[in-house]
1. Name the shape class, rounded, prolate or oblate, that the alpha-carbon gyration tensor gives for the stretch 267-309, where a ≥ b ≥ c are the square roots of its eigenvalues, rounded holds for a/c under 1.5, and otherwise prolate holds if a/b is larger than b/c and oblate otherwise.
2. Starting from the Cα coordinates of the stretch 242-399, work out the convex hull volume and express it per residue in Å³.
3. Over what distance in Å are the Cα centres of the stretch 241-282 and the stretch 285-353 separated?
4. For the stretch 63-88 and the stretch 362-399, compute the distance between their C-alpha centroids and round to whole Å.
5. Starting from the Cα of residue 396, step 7 Å along the direction of its Cβ; do the same at residue 315; then give the gap between the two resulting points in nm.
6. Show me 249-262, 141-154 ranked by packing, highest mean number of other Cβ atoms within 10 Å first.
7. Quick one: order 324, 307, 172, 85 by neighbouring beta-carbon count within 10 Å, fewest to most.
8. Tell me the relative contact order for the stretch 299-399 as a rounded percent, counting alpha carbon contacts under 8 Å between residues six or more apart.
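Every number in this text was worked out from the coordinates using simple rules, so none of it is lab data. These numbers come from a predicted model, not from an experiment. Cβ atoms come from the backbone with ideal geometry, glycine included; neighbour counts cover every protein chain shown.
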């Protein structure tokens, strides 16, 4: 089965029985939504959309169907579209556009990887609680995991229970690319040049965990296949795309003798990125003119769109806000949006255009978090009366 929260393959018969903090939170919020007692009032938006000078399509899109409908909607009304929340996806996209990507699928990583380098902290572990199970090949201690960042002993224990030989090296996330480059310098230099010196944990970290590091570094040096895993959502730092670019450059450099690959992890926003690339040639942040997409990863972000929209525009600006998830955190500042534009919400809690929750109320196609496998998430609960999928609303509004 496919978990619509983590987009991971699960080995359980009933996803509701899995103790996953993200899924439990989503289902708790789902049950808090009041069922609609009567059909919602539908306003004829077509005249407003046709007369609007500026239209933005944004929000959280999880399904292939809605991503297709959103791009078609934006093309018809010459709208800008950006559904990458807080720029998480574009931290990777901008770096990949400059450096390229030595990528790997989840299945290939699971079967061939000797050493995993997991970059992040406990938040990454909480966000994707079944990641250790997804990466394990089922053979105890056959694969080594280096947790690089700010992981607790509890997180390390989860990897150990999944069958990995687990090592933890605490360090600041911002220093990881330079730390790995420094390690490569030590490992690649001849013993004569380095005077026979051996690297220690202190060479890649300011904090030593107090363990003998030589076995770990020997495994890293001799690994036939190394996979580096990180989540852009976890990179709360300035110019994170430059951080990713440096990491990708290190990964490329390690392919001169052995295989080293990247497995950038994403949440369901990766689905929109993939579909938008199919349809437009760009991974999002496009503005249409006469149906032709123009890509600008900075100017066409929803934050920049808001900043460039005047206060009190009457009916000149319109925001179509889509949310196929049940998320307690708002996608954008609603009061600021209402000051600058008309706001039409296609969300589970909307009174005007109530939507089903993708993967929970609505059977949906989505990309798994490694962005390599298209999977189908079955509906787990009966939909609320009069609620439609976001893609159905978009197609209706486009008529």
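1. Because a/c hits 1.5 or more and a/b fails to exceed b/c, the stretch 267-309 counts as oblate.
2. 164
3. One Cα centre to the other: 27 Å.
4. 14
5. Reported label-point gap for residue 396 and residue 315 is 2.0 nm.
6. Averaged packing, sorted descending, gives the order 141-154, 249-262.
7. Fewest to most other Cβ atoms nearby, the residues stand as 307, 172, 85, 324.
8. 22
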